[in-house]
Amino acid sequence: MTASQGLPRLPPGRHGLPRDFVVQNQRDRLAAGIIAAVSEFGYHETTITQIAAAAGVSRRTFYGYFNSKEACYLATFDQIADHLCVAAREAAAAQDEWPARVAAKFAAALEVFSTNPQLARFALAAPPRAGGELTAHYRRALDAALAELTDGLPGGAEAQGPSPAVQQSLIGGAVALIVQKLEAGEGERIRDLLPDMVELFLAPFIGRAAAVTVAGRPA
Amino acid sequence: MSSLPDHLLPEAVGREPVSRAVLEHHQRRRVLTAATGVFARRGYRSTTVDQIVSAAKIGVGSFYGLFDGKEDCFLCLYDLIVAEAEEAVGVAVAGGGRWEDRVVGALRVLLELAAAEPDRARVAIVEAPTAGPAAQARYSETVARLAEGLHEGRSADASAEGPPACFEHAAVAGLAWTLHQRLSAGEPPVVAELLPEMAEFVVAPYAGTGMFAR
């Protein structure tokens, strides 16, 4: 397992680093550890021993931060969701029109997942397969992602926009395309989905012709 | 109740003896019906064979005479639910007619089934992805089969304009996600509400192309 690559282990003993830094470093390591382990083995097959080993910390250290695998998973999931949200808003900031903002947000998210497909496995493929609280948490997160995408939707389009049920299908379908890429072993090519995804998502709101234009897909 | 060995069974006089295969078939149905409620209520992972056995009111030995274990029981149940749903869809679209009418007819049948039997829908849509690699593979196959059926709406002329190539997969998986959300929240789908919206979502992208144009 190469989970802690890019996260150099702290030198042992008294390193003179402030405690906050050590805490943040260990938390980040545990996040990287659970992402690597769950994306490789699946949530239920992953053990706390594997997470700690991938993070390069002891089991005891794990329990210093989280009292269960589930708590560690959910905290890490929320960290990824927050990161995606910030990246999406930053990308959209330069755009004035709602459709272009949606396209920019999708672009930012797909870029994150292409750069590290493990994040997509961890945050999109694993939760519906885990059941229980993970799936429930994931359902709420997809609803929040939908709210983020439809934020700023012009009133006129909203009146004619698709129903909430169809909007849920749009976000569910978009995620399914990402998972399909992962299953095909093409995680690094998730970004290639951008034009199709933008068109599929926008068409029910602004019509197909306008959606194709925003998506930039050769029609 | 454990069954007597064949050679100790009383001779059935004057009527056809019920064959072992028929008995077994009925017992399987009974266990699968009971298991549906248990899986839907507790979730696949929290369900135990003991819970299924007591819901079905059979012995543990009889259960293992019919199934290898919990996963095998779940897979048999999944296959049964999907086969019956596909049969119902097949009946609904057997009359032929326009492509878009057949798609809407198929959608109506699936939504009606989910509304009438939310436990079964929950097993097939919410629980199957959680039930291990074999169940996940079957779930993916079901989605792929439905997407393939939808794909018929495209023109044979590959150059004709249509939705992006990934539309069918996104539409089927997206519809499944909407149902997943409703069923997980304990709100069975309302056909009158969902059918018109979903029909438009699935069929409209083909407007003016392929089968839709004829």
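The values are calculated or read from the model by the stated rules, or taken from the named source; none is laboratory data. Treat the numbers as computed from the prediction; the structure is a model and nothing was measured. Cβ sites come from the backbone with ideal geometry, for glycine too, and all protein chains shown count toward neighbours. Just so you know, the surface numbers come from the protein's heavy atoms only, side chains and all, with ligands and any DNA or RNA stripped out. Shrake-Rupley method; radii C 1.70, N 1.55, O 1.52, S 1.80 Å.
Results, tabulated for the structure shown:
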item: Spin-label pair B:Glu112/A:Phe41, simplified geometry with 7 Å Cα→Cβ offset, distance in nm; result: 4.8 nm
item: Shielded by partner chains, the range A:115-136 residues - at least 30 Å² of accessible area, 1.4 Å probe, vs chain alone; result: A:Pro128, A:Arg129
item: For chain A, Kirkwood radius (reciprocal of mean inverse C-alpha pair distance, Å); result: 18.7 Å
item: For the range A:19-67, accessible area per residue (1.4 Å probe, heavy atoms of protein chains only), Å²; result: 49 Å²
item: Whole-number percent relative contact order across chain B, with pairs defined as alpha carbons under 8 Å at least 6 apart; result: 22 percent
item: Counting all C-alpha pairs of the protein assembly as shown, share separated by more than 26 Å (%); result: 62 percent
item: Expected 222 nm ellipticity per residue - DSSP helices of 4 or more, -39500 (n - 2.57), all of chain A, to 500; result: -22500 deg cm²/dmol
item: Relative contact order for the range A:73-215, counting Cα pairs under 8 Å that sit 6 or more residues apart, in percent; result: 29 percent
item: Total accessible surface hidden between A and B, rounded to 100 Å², 1.4 Å probe; result: 2300 Å²
item: Peptide B:64-77, shielding by other chains (average Cβ, 10 Å cutoff); result: 0
item: GNM flexibility winner over chain B from B:Ser140, B:Ser19, B:Ser62 (Cα, springs under 10 Å); result: B:Ser19
item: Whole-percent carbon and sulfur share, accessible surface of chain A, 1.4 Å; result: 52 percent
item: Solvent-accessible area, 1.4 Å probe, carbon plus sulfur percent, for the range B:43-126; result: 53 percent
item: J(HN,Hα) series, the range A:132-146, from Karplus relation 6.51 cos²θ - 1.76 cosθ + 1.60, nearest Hz, glycine and proline x; result: x, 5, 5, 5, 5, 4, 5, 4, 5, 5, 5, 4, 5, 5, 5
item: Point-to-point label distance, B:Glu187-B:Glu84, nm (Cα→Cβ direction, 7 Å offset); result: 2.6 nm
item: Solvent accessible area, Å² - A:Tyr138, 1.4 Å probe, full protein context; result: 10 Å²
